[in-house]
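Notes follow the structure.
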Amino acid sequence: MSMYNGKSAIVTGGASGIGRSLSKLLIEQGAHVLIADISGAASAAQELGCEGIALDVTDRIAVARCVEDFAQSQGGLDYMFNNAGILVVGDAKAMSYEDWDNVISINLMGIVNGVYAAYAIMTEQGYGHIVNTGSLAGLLPSPTAVPYCTSKFAVVGLTQSLRAEAKRYGVKVSAICPGFVSTPMGDNSKMVGGMDRQKSLDSVNAVGGYISPDELARRALKGVSRNRELIVIPTKIRVMASILRRFPELGSLVTNLMASGMKRV
């Protein structure tokens, strides 16, 4: 029997991409899932056979209410998957302040809001697992995605720091750090400063290519079940990240490759 059977889980950004695949797999393994997303939550929930709610993760009051209501209805909260995120691609000098604000508000503060609401409940009940979606861009420099990289480095730091504290309360904290996943976020990301989408895709293929969100979800839930701190997926990305973190001077080779592949037209 799956360890997720009968457990309660909230998945933000759960209507598409990684979040939808996580929700689908959790449901298949017997979890009671609430999909929370700014759009598409109701239709995704109907298709997958779970609950859904429209939620803007930047609204901390709405997030708190959502988490509290679901936990109350389920008699507790087992998992909080803070997954919602956006991406803006281009040279930092071409980024507007609004671009920075949107990325930080959703990718970082959206996770902070989810963590804050879930952690209060989990520390009180003495159990639970918070799972934040980070990124390879939270482990290594990411040229042409500076705001995104900033937010994801912060998510990794948040996760590792909170994990050290949360142990004493019986609460687990992990971060999923995917490489490149074929999701609508990537396809629909905002391109600024004349950035060419096709060249961006080509550069991704040059450093390892994409995996599917379903495969990502399968490996991620396996890592969560093992209470891994950082769940870096796929294996070749984990190996690359490990090598470059040990030998940071080699990081310039990867970042230069990415930067050269993402040249503006």
* **Approximate spin-label separation E165-E124, in nm, with each point projected 7 Å along Cα-to-Cβ** => 1.8
* Interchain or long-range residues, amide H under 5 Å from G52's placed H -> I35
* Structure fact -> Expressed in nanometres to one decimal, the distance between label points 7 Å along Cα→Cβ at A54 and E98 is 2.2
* When each of K24/K172; K93/K167; K7/K152 is checked by Cα-Cα distance, pairs over 30 Å -> K93/K167
* To do: Return the long-range amide H neighbours of V89 (sequence gap of 5 or more, or a different chain), with a cut-off of under 5 Å between placed amide H atoms.
  => K190, M191, V192
* To do: With a Förster radius of 35 Å, plug the Cβ-Cβ distance of S2 and R246 into 1/(1 + (r/R0)^6) and report the FRET value to the nearest 0.05.
  => 0.50
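Just so you know, all these numbers are worked out from the coordinates, no wet-lab data involved. Nothing here was measured: the structure is a model prediction, and the numbers come from that model. Reconstructed Cβ throughout: ideal geometry from the backbone, glycine too, with neighbour counts over all protein chains shown.
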